[in-house]
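Participant: After the structure tokens below, expect a handful of questions from me.
The values are calculated or read from the model by the stated rules, or taken from the named source; none is laboratory data. For clarity, every value in this text was computed on a predicted model and none was experimentally measured. Cβ coordinates were reconstructed from backbone atoms using ideal geometry, including for glycine residues, and neighbour counts include every protein chain displayed.
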Amino acid sequence: MNRPLDRRLGWTWWTRNGSYFRIFLREATSAFILAEVVLFMLLIHKAGQDAETYLAYRDFLWHPLMVVLHLVALAFALWHTVSFFLIAPNALPNQVAGRRIPAAFIIGQQFAGLAAVTLLLFLWVAWVGAT
Amino acid sequence: MSETTIQLEVFRYRPDNGGPTFQSYEVPYHDDWVVLDALNYVKNYIDGSLSFRWSCRMGVCGSCGMQVNGEPSLTCAEFLRDHMPGPIRVEPLVNFPVERDLVVDINGFMEKLDHVKPYLVREDESDDLSAEYMQTPTQLDRYKQFSMCINCMLCYAACPVIGRVDDFIGPAALALAQRYNLDSRDQGKQMRQDVIFQNEGIWECTFVGECSEVCPKHVDPAGAIQQAKLEGAFDYYKRLLTPWARRS
């Protein structure tokens, strides 16, 4: 008698439908985040060298193709952040000290935290620029 | 007046008779028919050799799970009217070995389910069958959602990790483990955690989330697994920082 037929989802699983593809794309956003982190670390490294090296690197970051990369990375980072915030309630216990926590409260708190941190960073950058 | 019909393209596999093929059947269309009704029509009136599993016809037994137009679905809950004008492609659940036609081998799943001890474990187990273990509505609410699983295995067909990692315990079994771990009457958490905290347990899950999307009972296995991950991480750091403490 023949063996049972093997019908597993293979490595091309992410091409099967739109939902899988979006998840694959969401995970792929990490590649852009990594690229931006590397560029930022290089910027810090260049800042420790002479002014000419630093300015040349800064000009490189302003190249139109690099600006496109930054915008794509920003869009992906925002998408990843929002999708992460939206699924966070599923990953947490539904009760704290015996009381149900509404999903909207968990999601809202994350967005409020992001807004507060972003505001603080802007204020800090503005303060550094002014002094 | 001619009767309205719809075409079914059904996966056929007879292990002693060559490789898999698709066979088309023209079945009557009725507004209140589901895909399972159409398959039963084929079995009763067109081709008695077609094999498939079913039992309750009302979304309780979890036997009739198949791929309907590529999506893991309970065929007893999938109306023909939602797929008009057709054709409707019916296949066995993916990620499971196919025994014959639409029948898959579920032994692997049953073994995984057995590993997580999906039942109440009591340290003080006695022969007194009248013993009652009381529970408040709040305690019930902690795990009730995860207790709705009917073991239909649609989540296993939707999970890409199951397709790549043979030993991954999988969504339904892990959700059931979490269901019993959250039950105030249970005392078997430690035994289950030894299984679910392994690499083949919760840590293989990459939170694709399709298991929760296809679940006909809204169990949200993906959520259960993430909650278990959170607990696993806390447990790890607790043991790391307090090595003298007894494992709870």
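Participant: Which numbered condition trips up B:Gly18, out of (1) touching a strand residue (DSSP E or B) at 6+ places or on another chain (Cβ under 8 Å); (2) closer than 17 Å to A:Asp6 by Cα?
Facilitator: Result: B:Gly18 fails condition (1) only.
Participant: Considering only the stretch B:5-33, state which residues are small (Gly, Ala, Ser) and in a strand (DSSP E or B).
Facilitator: Answer for the stretch B:5-33, where residues must be small (Gly, Ala, Ser) and in a strand (DSSP E or B): just B:Ser24.
Participant: Count, please, the residues in the stretch B:196-223 that happen to be under 30 Å from B:Glu78 (Cα atoms) and more than 9 Å from chain A (Cβ to nearest Cβ).
Facilitator: 9
Matching residues to (1) more than 30 Å from A:Ala112 (Cα to Cα); (2) away from chain B (no Cβ under 14 Å):
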residue	(1), (2)
A:Glu52	yes, yes
A:Tyr57	yes, yes
A:Leu69	no, yes
A:Thr81	no, yes
A:Phe84	no, no
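Participant: Based on this model, can you work out whether A:Ala91 counts as closer than 25 Å to B:Cys211 by Cβ, among the aliphatic types (A, V, I, L, M) and within 14 Å of another protein chain (Cβ to nearest Cβ)?
Facilitator: On the way: closer than 25 Å to B:Cys211 by Cβ: yes; among the aliphatic types (A, V, I, L, M): yes; within 14 Å of another protein chain (Cβ to nearest Cβ): yes.
When the stated conditions are applied, A:Ala91 passes them.
Participant: Would you check if A:Leu34 is touching a residue at least 12 places away in the same chain (Cβ under 8 Å) and more than 29 Å from B:Leu93 (Cβ to Cβ)?
Facilitator: So A:Leu34 fails the test.
Participant: Something else now. Among (1) more than 25 Å from B:Ser51 (Cα to Cα); (2) under 20 Å from the mean Cα position of the chain (by Cα), where does B:Ser130 come up short?
Facilitator: Status for B:Ser130: all satisfied but (2).
Participant: Scan the stretch B:173-201 for residues that are touching a Lys or Arg at 6+ places or on another chain (Cβ under 7 Å), part of a loop (DSSP other than H, G, I, E, B) and surrounded by fewer than 18 Cβ atoms within 10 Å (Cβ to Cβ) and jot them down.
Facilitator: B:Gln187
Participant: Out of all the residues in the stretch B:146-171, which are surrounded by 19 or more Cβ atoms within 10 Å (Cβ to Cβ), part of a helix (DSSP H, G or I) and in contact (Cβ under 8 Å) with a residue 60 or more places away in the chain?
Facilitator: Listed by number, the residues that qualify are B:Phe146, B:Leu154, B:Cys155, B:Tyr156, B:Ala157, B:Ala158, B:Ile162, B:Gly163.
Participant: Let me spell it out: the conditions are (1) among the aliphatic types (A, V, I, L, M); (2) within 14 Å of chain A (Cβ to nearest Cβ); (3) touching a Gly at 6+ places or on another chain (Cβ under 6 Å), and B:Met66 meets all of them except one. Which number is the exception?
Facilitator: So B:Met66 meets the others, but not (3).
Participant: Looking only at the stretch B:8-31, which residues are surrounded by fewer than 14 Cβ atoms within 10 Å (Cβ to Cβ) and in contact (Cβ under 8 Å) with a residue 24 or more places away in the chain?
Facilitator: Result: B:Phe22, B:Ser24, B:Asp31.
Participant: Taking B:Phe207 as the residue in question, decide whether it is in the same structural domain as B:Ala158 (by TED's automatic domain parsing), within 21 Å of A:Pro93 (Cβ to Cβ), modelled with pLDDT under 90 and in a loop (DSSP other than H, G, I, E, B).
Facilitator: Yes: the conditions hold for B:Phe207.
Participant: In addition: Could we say that A:Ile106 is within 14 Å of another protein chain (Cβ to nearest Cβ), out of contact with any strand residue (DSSP E or B) (no Cβ under 7 Å at 6 or more places or on another chain), at pLDDT 90 or above and assigned to a helix (DSSP H, G or I) here?
Facilitator: Against the criterion (within 14 Å of another protein chain (Cβ to nearest Cβ), out of contact with any strand residue (DSSP E or B) (no Cβ under 7 Å at 6 or more places or on another chain), at pLDDT 90 or above and assigned to a helix (DSSP H, G or I)), A:Ile106 qualifies.
Participant: Filter the stretch B:86-135 for residues that are more than 14 Å from every other protein chain (Cβ to nearest Cβ) and in a helix (DSSP H, G or I); which is farthest from B:Cys152 (Cα to Cα)?
Facilitator: Once the filter is applied, the top-ranked residue is B:His115.
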